[in-house]
Amino acid sequence: MRKRIAVLLAVAMMASVTAGCSGAEAKAPAAGTETSGGQTGENASQGAGESGENPIRIGVAAPITGNSAEYGKGFQVATQMAAEVVNAAGGVKGRPIEMVVKDSKGDAKESADVARIFCEEEDIVAVIGDFSSSSCMASAPIYQEKGLVQISPSASHPDFAKMGDYMFGVVGRQDDEGPFMAKYMAKKYIGAESVGVIFMNNDWGVVTSENFKQACEESGVTVTATESFIEGEKDFNAVISKVRQTDPDALCLITQYNEAAIISKQVKQAGWDVQIMGAGAMYSDQLIQLGGADVEGLIAESPFIIEESDPKAMEFAREFEKRAGFKPNIQAASAYDTALLVADAIGRAEEVSRSAVRDALAATDNFMGITGPITFTEDGDVHRKYRVMAIQDGKWVALTGYDYYDE
(Lines give C-alpha, C1' and ligand atoms only; values in the text may rest on other atoms or scores of the structure.)
Protein backbone atom coordinates (compact mmCIF):
# COMPACT_ATOMS: atom_id res chain seq x y z
CA MET A 1 0.00 0.00 0.00
CA ARG A 2 2.74 2.48 0.94
CA LYS A 3 4.57 1.65 -2.31
CA ARG A 4 1.54 2.61 -4.37
CA ILE A 5 1.12 5.82 -2.38
CA ALA A 6 4.77 6.76 -2.84
CA VAL A 7 4.60 6.16 -6.59
CA LEU A 8 1.43 8.23 -6.99
CA LEU A 9 2.80 11.16 -5.00
CA ALA A 10 6.10 11.07 -6.88
CA VAL A 11 4.22 11.27 -10.16
CA ALA A 12 1.95 13.95 -8.71
CA MET A 13 4.76 16.30 -7.85
CA MET A 14 6.42 15.88 -11.24
CA ALA A 15 3.22 16.13 -13.23
CA SER A 16 1.22 18.73 -11.33
CA VAL A 17 1.70 21.38 -13.99
CA THR A 18 1.25 19.11 -17.01
CA ALA A 19 -1.32 16.68 -18.37
CA GLY A 20 -0.58 13.55 -20.38
CA CYS A 21 2.62 12.90 -22.29
CA SER A 22 2.32 15.85 -24.63
CA GLY A 23 3.84 18.26 -22.11
CA ALA A 24 0.98 20.71 -22.70
CA GLU A 25 0.26 22.96 -19.77
CA ALA A 26 -2.77 21.78 -17.80
CA LYS A 27 -5.37 24.43 -17.09
CA ALA A 28 -8.36 24.17 -14.77
CA PRO A 29 -11.65 25.26 -16.36
CA ALA A 30 -12.70 28.64 -15.00
CA ALA A 31 -16.03 28.86 -13.23
CA GLY A 32 -18.72 29.60 -15.77
CA THR A 33 -16.94 27.98 -18.71
CA GLU A 34 -18.09 24.75 -20.34
CA THR A 35 -16.35 21.62 -19.12
CA SER A 36 -16.16 17.99 -20.17
CA GLY A 37 -19.42 17.33 -18.38
CA GLY A 38 -21.31 19.87 -20.47
CA GLN A 39 -22.23 21.89 -17.39
CA THR A 40 -21.18 25.34 -16.31
CA GLY A 41 -20.32 27.26 -13.17
CA GLU A 42 -21.12 25.68 -9.87
CA ASN A 43 -22.38 22.38 -11.29
CA ALA A 44 -19.30 21.52 -13.34
CA SER A 45 -17.72 18.20 -14.25
CA GLN A 46 -13.95 18.40 -14.46
CA GLY A 47 -10.94 16.26 -15.14
CA ALA A 48 -12.23 13.34 -17.22
CA GLY A 49 -10.25 14.35 -20.28
CA GLU A 50 -10.70 12.50 -23.58
CA SER A 51 -10.24 8.90 -22.45
CA GLY A 52 -12.58 6.34 -23.98
CA GLU A 53 -13.08 4.70 -20.60
CA ASN A 54 -16.03 5.72 -18.45
CA PRO A 55 -14.70 8.09 -15.80
CA ILE A 56 -14.83 7.42 -12.09
CA ARG A 57 -16.88 10.33 -10.78
CA ILE A 58 -16.13 12.08 -7.48
CA GLY A 59 -18.38 14.81 -6.11
CA VAL A 60 -17.07 18.12 -4.78
CA ALA A 61 -19.43 20.08 -2.51
CA ALA A 62 -18.11 23.60 -2.02
CA PRO A 63 -19.23 27.23 -1.52
CA ILE A 64 -18.56 28.44 -5.06
CA THR A 65 -20.71 31.50 -4.29
CA GLY A 66 -21.51 33.29 -1.04
CA ASN A 67 -19.36 34.61 1.82
CA SER A 68 -16.93 31.67 1.62
CA ALA A 69 -16.51 31.71 -2.15
CA GLU A 70 -12.70 32.00 -2.01
CA TYR A 71 -12.56 28.70 -0.15
CA GLY A 72 -14.97 27.13 -2.65
CA LYS A 73 -12.86 28.25 -5.58
CA GLY A 74 -9.82 26.84 -3.76
CA PHE A 75 -11.58 23.48 -3.50
CA GLN A 76 -12.53 23.59 -7.17
CA VAL A 77 -9.07 24.49 -8.44
CA ALA A 78 -7.15 22.17 -6.09
CA THR A 79 -9.30 19.10 -6.75
CA GLN A 80 -9.09 19.73 -10.50
CA MET A 81 -5.30 19.92 -10.25
CA ALA A 82 -5.28 16.61 -8.41
CA ALA A 83 -7.56 15.00 -11.02
CA GLU A 84 -5.20 16.06 -13.79
CA VAL A 85 -2.23 14.63 -11.89
CA VAL A 86 -3.97 11.27 -11.44
CA ASN A 87 -5.17 11.14 -15.05
CA ALA A 88 -1.73 12.08 -16.38
CA ALA A 89 -0.38 9.07 -14.48
CA GLY A 90 -2.89 6.72 -16.15
CA GLY A 91 -5.95 7.27 -13.99
CA VAL A 92 -7.25 4.76 -11.45
CA LYS A 93 -7.78 1.14 -12.41
CA GLY A 94 -7.25 2.22 -16.01
CA ARG A 95 -10.03 4.82 -15.86
CA PRO A 96 -9.84 8.62 -15.61
CA ILE A 97 -11.32 10.37 -12.59
CA GLU A 98 -13.77 13.23 -12.94
CA MET A 99 -14.59 15.90 -10.37
CA VAL A 100 -18.26 16.93 -10.31
CA VAL A 101 -18.54 20.30 -8.55
CA LYS A 102 -21.77 21.56 -7.00
CA ASP A 103 -22.29 24.85 -5.19
CA SER A 104 -23.42 24.62 -1.57
CA LYS A 105 -23.21 28.43 -1.21
CA GLY A 106 -21.74 28.15 2.28
CA ASP A 107 -25.19 27.34 3.63
CA ALA A 108 -26.06 24.24 5.66
CA LYS A 109 -29.46 23.78 4.00
CA GLU A 110 -27.96 24.12 0.52
CA SER A 111 -25.24 21.65 1.48
CA ALA A 112 -27.90 19.12 2.52
CA ASP A 113 -29.65 19.62 -0.82
CA VAL A 114 -26.37 19.02 -2.66
CA ALA A 115 -25.88 15.86 -0.59
CA ARG A 116 -29.24 14.52 -1.72
CA ILE A 117 -28.39 15.17 -5.36
CA PHE A 118 -25.02 13.43 -5.08
CA CYS A 119 -26.54 10.46 -3.26
CA GLU A 120 -29.06 9.93 -6.07
CA GLU A 121 -26.32 9.94 -8.72
CA GLU A 122 -25.32 6.29 -8.51
CA ASP A 123 -21.98 6.70 -10.29
CA ILE A 124 -20.67 9.18 -7.67
CA VAL A 125 -18.38 7.02 -5.52
CA ALA A 126 -17.34 9.63 -2.91
CA VAL A 127 -17.85 13.32 -2.14
CA ILE A 128 -15.11 15.79 -1.18
CA GLY A 129 -16.51 18.59 0.99
CA ASP A 130 -18.13 20.53 2.32
CA PHE A 131 -16.13 23.52 3.61
CA SER A 132 -17.63 24.42 6.98
CA SER A 133 -18.27 22.10 9.90
CA SER A 134 -21.90 23.33 10.00
CA SER A 135 -22.49 22.34 6.38
CA CYS A 136 -20.76 18.99 6.79
CA MET A 137 -22.72 18.12 9.92
CA ALA A 138 -26.01 19.08 8.26
CA SER A 139 -25.20 16.76 5.34
CA ALA A 140 -23.72 13.86 7.29
CA PRO A 141 -26.99 11.99 8.08
CA ILE A 142 -27.92 12.08 4.38
CA TYR A 143 -24.60 10.68 3.21
CA GLN A 144 -24.57 8.10 5.99
CA GLU A 145 -28.06 6.82 5.19
CA LYS A 146 -27.17 6.37 1.51
CA GLY A 147 -23.73 4.89 2.19
CA LEU A 148 -21.73 7.60 0.38
CA VAL A 149 -18.41 8.90 1.71
CA GLN A 150 -18.26 12.56 2.73
CA ILE A 151 -14.61 13.49 3.25
CA SER A 152 -14.02 17.12 4.20
CA PRO A 153 -10.69 18.87 3.64
CA SER A 154 -11.60 21.57 6.18
CA ALA A 155 -14.26 20.55 8.73
CA SER A 156 -12.52 20.32 12.10
CA HIS A 157 -15.42 19.94 14.54
CA PRO A 158 -14.51 16.93 16.70
CA ASP A 159 -18.04 15.53 16.41
CA PHE A 160 -18.22 15.60 12.60
CA ALA A 161 -16.40 12.35 11.75
CA LYS A 162 -18.15 10.60 14.64
CA MET A 163 -21.51 11.09 12.92
CA GLY A 164 -21.07 7.98 10.81
CA ASP A 165 -18.57 5.54 9.36
CA TYR A 166 -18.86 7.24 5.97
CA MET A 167 -17.61 10.57 7.40
CA PHE A 168 -13.92 11.56 7.23
CA GLY A 169 -12.08 14.75 8.16
CA VAL A 170 -8.58 15.58 6.90
CA VAL A 171 -7.51 18.97 8.27
CA GLY A 172 -7.35 18.07 11.97
CA ARG A 173 -9.58 18.50 15.02
CA GLN A 174 -10.50 21.53 17.07
CA ASP A 175 -9.81 19.66 20.30
CA ASP A 176 -6.17 19.57 19.13
CA GLU A 177 -6.02 23.09 17.66
CA GLY A 178 -7.73 24.94 20.53
CA PRO A 179 -5.34 23.61 23.19
CA PHE A 180 -2.32 24.43 20.99
CA MET A 181 -3.53 28.01 20.71
CA ALA A 182 -3.85 28.29 24.48
CA LYS A 183 -0.79 26.39 25.70
CA TYR A 184 1.76 27.07 22.99
CA MET A 185 0.69 30.37 21.41
CA ALA A 186 -0.87 32.38 24.24
CA LYS A 187 1.03 30.96 27.20
CA LYS A 188 4.38 29.77 25.86
CA TYR A 189 5.11 31.97 22.85
CA ILE A 190 3.39 35.26 23.72
CA GLY A 191 3.76 34.83 27.47
CA ALA A 192 0.22 36.10 28.05
CA GLU A 193 -1.32 35.81 31.48
CA SER A 194 -4.73 36.86 30.23
CA VAL A 195 -6.59 36.85 26.92
CA GLY A 196 -9.86 38.15 25.51
CA VAL A 197 -11.77 36.18 22.87
CA ILE A 198 -13.91 37.20 19.89
CA PHE A 199 -15.42 34.22 18.07
CA MET A 200 -17.75 33.42 15.19
CA ASN A 201 -21.04 32.06 16.49
CA ASN A 202 -21.30 28.87 14.43
CA ASP A 203 -20.52 25.20 15.10
CA TRP A 204 -16.82 25.66 14.35
CA GLY A 205 -16.42 28.90 16.29
CA VAL A 206 -18.28 27.69 19.35
CA VAL A 207 -16.37 24.43 19.73
CA THR A 208 -13.03 26.13 19.03
CA SER A 209 -13.67 28.81 21.63
CA GLU A 210 -14.77 26.22 24.17
CA ASN A 211 -11.64 24.11 23.65
CA PHE A 212 -9.48 27.23 23.77
CA LYS A 213 -11.04 28.50 27.00
CA GLN A 214 -10.75 25.11 28.69
CA ALA A 215 -7.08 24.83 27.72
CA CYS A 216 -6.44 28.38 28.95
CA GLU A 217 -7.85 27.45 32.33
CA GLU A 218 -5.63 24.36 32.47
CA SER A 219 -2.60 26.45 31.45
CA GLY A 220 -3.14 29.23 33.96
CA VAL A 221 -4.21 31.82 31.37
CA THR A 222 -7.19 33.94 32.44
CA VAL A 223 -9.91 34.48 29.84
CA THR A 224 -11.12 37.98 30.64
CA ALA A 225 -14.00 38.15 28.17
CA THR A 226 -15.66 36.20 25.35
CA GLU A 227 -17.76 37.93 22.71
CA SER A 228 -19.45 36.33 19.71
CA PHE A 229 -20.71 37.59 16.36
CA ILE A 230 -22.79 36.29 13.48
CA GLU A 231 -21.14 35.54 10.14
CA GLY A 232 -21.32 38.54 7.83
CA GLU A 233 -20.93 41.14 10.60
CA LYS A 234 -18.95 44.24 9.55
CA ASP A 235 -19.04 46.50 12.64
CA PHE A 236 -17.12 45.04 15.57
CA ASN A 237 -16.60 48.23 17.55
CA ALA A 238 -19.03 47.26 20.32
CA VAL A 239 -17.51 43.84 20.98
CA ILE A 240 -13.99 45.26 20.73
CA SER A 241 -14.87 47.86 23.34
CA LYS A 242 -16.29 45.23 25.71
CA VAL A 243 -13.20 43.05 25.48
CA ARG A 244 -10.83 46.03 25.75
CA GLN A 245 -12.42 47.07 29.04
CA THR A 246 -11.15 43.81 30.59
CA ASP A 247 -7.54 44.74 29.66
CA PRO A 248 -6.24 41.35 28.41
CA ASP A 249 -2.59 40.79 27.43
CA ALA A 250 -3.71 39.35 24.08
CA LEU A 251 -6.78 39.28 21.86
CA CYS A 252 -7.68 35.90 20.35
CA LEU A 253 -9.76 35.90 17.16
CA ILE A 254 -11.59 32.70 16.27
CA THR A 255 -12.68 33.82 12.82
CA GLN A 256 -12.02 33.42 9.12
CA TYR A 257 -9.54 35.75 7.39
CA ASN A 258 -12.09 38.35 6.26
CA GLU A 259 -13.48 39.03 9.74
CA ALA A 260 -9.96 38.99 11.17
CA ALA A 261 -8.93 41.75 8.76
CA ILE A 262 -11.92 43.92 9.70
CA ILE A 263 -11.46 43.39 13.44
CA SER A 264 -7.72 44.12 13.25
CA LYS A 265 -8.41 47.39 11.43
CA GLN A 266 -11.05 48.44 13.95
CA VAL A 267 -8.76 47.54 16.87
CA LYS A 268 -6.07 49.82 15.43
CA GLN A 269 -8.61 52.58 14.71
CA ALA A 270 -9.68 52.41 18.35
CA GLY A 271 -6.08 53.01 19.43
CA TRP A 272 -5.82 49.69 21.24
CA ASP A 273 -2.26 48.35 21.31
CA VAL A 274 -2.75 44.63 21.93
CA GLN A 275 -1.17 41.47 20.55
CA ILE A 276 -3.66 39.82 18.18
CA MET A 277 -3.55 36.04 17.82
CA GLY A 278 -5.94 33.54 16.38
CA ALA A 279 -7.04 30.34 14.72
CA GLY A 280 -5.42 28.77 11.69
CA ALA A 281 -8.49 29.58 9.59
CA MET A 282 -6.98 33.07 9.29
CA TYR A 283 -3.92 31.70 7.46
CA SER A 284 -4.48 33.21 4.04
CA ASP A 285 -2.71 35.83 1.96
CA GLN A 286 -6.14 37.40 1.58
CA LEU A 287 -5.83 38.46 5.23
CA ILE A 288 -2.68 40.40 4.38
CA GLN A 289 -4.25 41.97 1.30
CA LEU A 290 -7.37 43.04 3.18
CA GLY A 291 -5.69 44.02 6.45
CA GLY A 292 -2.51 45.64 5.19
CA ALA A 293 -0.40 47.25 7.90
CA ASP A 294 -3.13 46.63 10.49
CA VAL A 295 -2.46 42.87 10.52
CA GLU A 296 1.33 43.20 10.73
CA GLY A 297 2.54 41.16 13.70
CA LEU A 298 -0.64 39.05 13.93
CA ILE A 299 0.09 35.52 15.18
CA ALA A 300 -1.76 32.37 14.13
CA GLU A 301 -1.14 28.64 13.82
CA SER A 302 -1.39 26.06 11.08
CA PRO A 303 -0.42 22.44 10.42
CA PHE A 304 0.90 23.58 7.02
CA ILE A 305 2.83 26.55 5.66
CA ILE A 306 4.27 27.10 2.21
CA GLU A 307 8.02 27.67 2.47
CA GLU A 308 10.88 27.89 -0.02
CA SER A 309 12.47 24.94 1.76
CA ASP A 310 9.58 22.67 0.64
CA PRO A 311 9.83 22.33 -3.18
CA LYS A 312 6.72 20.14 -3.46
CA ALA A 313 4.56 22.67 -1.65
CA MET A 314 6.10 25.53 -3.63
CA GLU A 315 5.36 23.77 -6.95
CA PHE A 316 1.74 23.27 -5.90
CA ALA A 317 1.47 26.87 -4.71
CA ARG A 318 2.81 28.39 -7.94
CA GLU A 319 0.46 26.40 -10.16
CA PHE A 320 -2.50 26.98 -7.86
CA GLU A 321 -1.94 30.74 -7.82
CA LYS A 322 -1.65 30.82 -11.60
CA ARG A 323 -5.06 29.15 -11.92
CA ALA A 324 -6.94 30.64 -8.98
CA GLY A 325 -5.52 34.16 -8.98
CA PHE A 326 -4.62 33.98 -5.29
CA LYS A 327 -2.19 32.01 -3.15
CA PRO A 328 -3.39 28.75 -1.57
CA ASN A 329 -4.44 28.57 2.06
CA ILE A 330 -4.47 25.46 4.25
CA GLN A 331 -7.95 24.55 3.03
CA ALA A 332 -6.88 24.53 -0.63
CA ALA A 333 -3.77 22.49 0.10
CA SER A 334 -5.88 20.08 2.14
CA ALA A 335 -8.40 19.78 -0.73
CA TYR A 336 -5.55 18.83 -3.08
CA ASP A 337 -4.33 16.16 -0.68
CA THR A 338 -7.90 14.94 -0.12
CA ALA A 339 -8.52 14.45 -3.83
CA LEU A 340 -5.26 12.51 -4.25
CA LEU A 341 -6.12 10.46 -1.18
CA VAL A 342 -9.57 9.57 -2.52
CA ALA A 343 -8.02 8.51 -5.84
CA ASP A 344 -5.49 6.41 -3.98
CA ALA A 345 -8.24 4.76 -1.91
CA ILE A 346 -10.22 3.94 -5.06
CA GLY A 347 -7.08 2.30 -6.43
CA ARG A 348 -6.69 0.24 -3.26
CA ALA A 349 -10.37 -0.69 -3.06
CA GLU A 350 -11.45 -4.22 -3.99
CA GLU A 351 -13.94 -2.74 -6.45
CA VAL A 352 -15.18 0.67 -7.54
CA SER A 353 -18.15 0.92 -5.20
CA ARG A 354 -19.14 3.29 -2.44
CA SER A 355 -18.67 0.77 0.35
CA ALA A 356 -15.33 -0.48 -0.97
CA VAL A 357 -14.01 3.09 -1.24
CA ARG A 358 -15.10 3.75 2.34
CA ASP A 359 -13.28 0.64 3.56
CA ALA A 360 -10.11 1.63 1.69
CA LEU A 361 -10.18 5.15 3.10
CA ALA A 362 -10.61 3.85 6.64
CA ALA A 363 -7.52 1.66 6.14
CA THR A 364 -5.35 4.64 5.08
CA ASP A 365 -2.00 4.49 6.83
CA ASN A 366 0.58 7.28 6.51
CA PHE A 367 -0.55 8.75 3.20
CA MET A 368 2.04 11.44 2.47
CA GLY A 369 0.53 14.63 1.12
CA ILE A 370 1.91 18.15 0.84
CA THR A 371 0.22 18.95 4.17
CA GLY A 372 1.93 16.02 5.88
CA PRO A 373 1.09 12.41 6.72
CA ILE A 374 -2.54 11.29 6.93
CA THR A 375 -3.64 8.34 9.05
CA PHE A 376 -7.26 8.18 10.13
CA THR A 377 -8.33 7.55 13.70
CA GLU A 378 -11.08 5.05 14.45
CA ASP A 379 -13.51 7.97 14.25
CA GLY A 380 -12.35 8.87 10.74
CA ASP A 381 -10.43 12.08 11.39
CA VAL A 382 -6.77 13.07 11.75
CA HIS A 383 -4.62 14.36 14.59
CA ARG A 384 -2.31 17.14 13.40
CA LYS A 385 0.64 19.02 14.85
CA TYR A 386 0.75 22.79 14.51
CA ARG A 387 3.29 25.58 14.09
CA VAL A 388 3.20 29.16 15.32
CA MET A 389 3.20 31.66 12.44
CA ALA A 390 3.15 35.43 12.13
CA ILE A 391 2.74 38.15 9.52
CA GLN A 392 6.09 39.91 9.22
CA ASP A 393 6.93 42.48 6.55
CA GLY A 394 3.73 41.60 4.71
CA LYS A 395 4.39 37.84 4.57
CA TRP A 396 3.50 34.77 6.56
CA VAL A 397 6.55 33.28 8.29
CA ALA A 398 6.94 30.26 10.57
CA LEU A 399 8.09 31.16 14.06
CA THR A 400 8.40 27.60 15.37
CA GLY A 401 8.82 24.07 14.09
CA TYR A 402 6.68 21.05 14.84
CA ASP A 403 9.06 20.24 17.69
CA TYR A 404 7.83 23.28 19.63
CA TYR A 405 5.62 20.87 21.59
CA ASP A 406 8.74 19.23 23.02
CA GLU A 407 11.01 22.23 23.64
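Tabulated data
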{"item": "Boolean, Arg318 is of a type in the set (Lys, Arg), under 19 Å from the mean Cα position of the chain (by Cα), surrounded by fewer than 21 Cβ atoms within 10 Å (Cβ to Cβ) and not assigned by TED's automatic domain parsing to the domain that holds Ile254", "result": "yes"}
{"item": "Residue check, Met277 within 23 Å of Lys183 (Cα to Cα) and outside any loop (DSSP other than H, G, I, E, B)", "result": "yes"}
{"item": "Pairs, first closer than 25 Å to Ala360 by Cα in the stretch 159-184, second part of a loop (DSSP other than H, G, I, E, B) and basic (Lys, Arg), C-beta under 7 Å, six or more apart", "result": "Gly172/Arg384"}
{"item": "Residues that are of a type in the set (A, V, I, L, M, F, W, C) and within 23 Å of Cys119 (Cβ to Cβ), drawn from the stretch 344-395", "result": "Ala345, Ile346, Ala349, Val352, Ala356, Val357, Ala360, Leu361, Ala362, Phe376"}
{"item": "Close pairs from the stretch 313-339: first at pLDDT 95 or above and of a type in the set (D, E, K, R), partner assigned to a helix (DSSP H, G or I) and buried (at least 24 other Cβ atoms within 10 Å of the Cβ), Cβ under 7 Å, at least 6 apart", "result": "Glu319/Met81; Arg323/Val77"}
{"item": "Any hit, the stretch 157-175, residues being at pLDDT below 95, assigned to a helix (DSSP H, G or I), of a type outside the set (Gly, Ala, Ser) and under 17 Å from Gln331 (Cα atoms)", "result": "yes"}
{"item": "Cross-chain or 6+ apart pairs with Cβ under 6 Å, the stretch 193-204 first and in the same structural domain as Lys183 (by TED's automatic domain parsing) and surrounded by 21 or more Cβ atoms within 10 Å (Cβ to Cβ), then small (Gly, Ala, Ser) and assigned to a strand (DSSP E or B)", "result": "Val195/Ala250; Gly196/Ala225; Phe199/Ser228"}
{"item": "Matching entry among Ala390, Ala398 (being of a type in the set (A, V, I, L, M) and at pLDDT 95 or above)", "result": "Ala390"}
{"item": "Test: residue in the stretch 136-147 that is modelled with pLDDT of 95 or more and hydroxyl-bearing (Ser, Thr, Tyr)", "result": "yes"}
{"item": "Some residue of the stretch 110-130 being modelled with pLDDT of 95 or more, within 28 Å of Asp175 (Cβ to Cβ) and surrounded by fewer than 24 Cβ atoms within 10 Å (Cβ to Cβ)", "result": "yes"}
{"item": "Yes/no for Ser264 being closer than 17 Å to Gln392 by Cα, polar (S, T, N, Q), more than 14 Å from the chain's Cα centre (by Cα) and not in a strand (DSSP E or B)", "result": "yes"}
{"item": "Residues that are part of a helix (DSSP H, G or I) and either of a type in the set (Asp, Glu) or more than 16 Å from Leu341 (Cβ to Cβ) (or both), drawn from the stretch 355-407", "result": "Ser355, Asp359, Tyr402, Asp403, Tyr404, Tyr405"}
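Every residue, every condition in (1) closer than 30 Å to Glu308 by Cβ; (2) surrounded by fewer than 18 Cβ atoms within 10 Å (Cβ to Cβ), yes or no:
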position	(1), (2)
Gly325	yes, yes
Pro328	yes, no
Ile346	no, no
Ala349	no, no
Val352	no, yes
Ala360	no, no
Asn366	yes, yes
Gly380	no, no
Asp393	yes, yes
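The values are calculated or read from the model by the stated rules, or taken from the named source; none is laboratory data. Small disclaimer: the values here were computed from a predicted structure and weren't measured. Reconstructed Cβ throughout: ideal geometry from the backbone, glycine too, with neighbour counts over all protein chains shown.
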